[in-house]
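The values are calculated or read from the model by the stated rules, or taken from the named source; none is laboratory data. If you're wondering where the values come from, they're calculated on a predicted model, not measured in any experiment. FYI the Cβ positions are ideal-geometry reconstructions off the backbone, even for glycines, and counts take in every protein chain you see.
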């Protein structure tokens, strides 16, 4: 039996316990956040491999040192995927289609902000470079609104402990369908479409994040979208990856990636998903 350290107690942990136990992998929880950790002795049990590197990088480094295990998605993979600008740059240079995007490094003067805004036909999407779950993402329909958003971000970034003082300005694709494709060890293993209810759309909602109220429904992606998702994971060299696709009538782009994607219900994945994941965990443990 292989012992797997998992650093979340949310949906992923509960959904993976039984399927992996059936494949001789025991799943245990490693609590690394919102607690105190004495540094002289480890409070953790012994494990063979971790899944995935903790989202809180500082606490994660302590747990990593104490556990001494290889990770499915190590620290470098988490940091790479979290940096949206890095992801989009790497993918774009590898000819993977991505949305038109400008990175703004604060504090930027008004001339630079105006120049960034004027590269697009409004509205534009404004998003922090490092957040997840749609936090802080908004749209600006005119220059004054955009400059006002930048002012607020400047106030936040003025706090010296803020680690990432950058944000993205991105083209808005209002009618795009929103998919999350899952890639395990380079292979497409399933996808969901994230949809808003008619009432949510009528109320002005437009973000498709599940944590913002969208529903995730299992779908069969056509081969070109599967191949696009696999290509993104290959370019980023991340073995377990959620790839977010925006698809319109005439194009498909990789919008973001997530190296800590939530595992959804098994009905939303291809047959063999758990076998593929178990194989990846075993290969990581013995690498």
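Descriptive notes on the structure:
- All conditions in (1) modelled with pLDDT of 95 or more; (2) outside any helix (DSSP H, G or I); (3) crowded, with 22+ Cβ neighbours inside 10 Å hold for residue 232, with the sole exception of (2).
- Annotation for region 35-43: at least one member residue is assigned to a loop (DSSP other than H, G, I, E, B), within 25 Å of the chain's Cα centre (by Cα) and within 27 Å of residue 130 (Cβ to Cβ).
- Some residue of region 3-22 being more than 19 Å from residue 238 (Cβ to Cβ), assigned to a loop (DSSP other than H, G, I, E, B), touching a helix residue (DSSP H, G or I) at 6+ places or on another chain (Cβ under 9 Å) and not assigned by TED's automatic domain parsing to the domain that holds residue 164: yes
Table: residues versus (1) under 25 Å from residue 80 (Cα atoms); (2) at pLDDT below 95; (3) not in a strand (DSSP E or B).
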| residue | (1), (2), (3) |
| --- | --- |
| 199 | no, yes, yes |
| 221 | no, no, yes |
| 241 | yes, no, no |
| 253 | yes, no, no |
| 261 | yes, yes, yes |
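- Residues being touching a residue at least 40 places away in the same chain (Cβ under 8 Å), in contact with a strand residue (DSSP E or B) (Cβ under 7 Å, 6 or more places away or on another chain), within 16 Å of residue 237 (Cα to Cα) and crowded, with 20+ Cβ neighbours inside 10 Å are represented in region 40-57 by at least one member.
- Filter result (touching a strand residue (DSSP E or B) at 6+ places or on another chain (Cβ under 8 Å) and within 21 Å of residue 237 (Cα to Cα)) within region 164-197: 179, 180, 181, 182, 183, 184, 185, 188, 189, 190, 191
- Filter pass, residue 13 being surrounded by 13 or more Cβ atoms within 10 Å (Cβ to Cβ) and modelled with pLDDT of 95 or more: no
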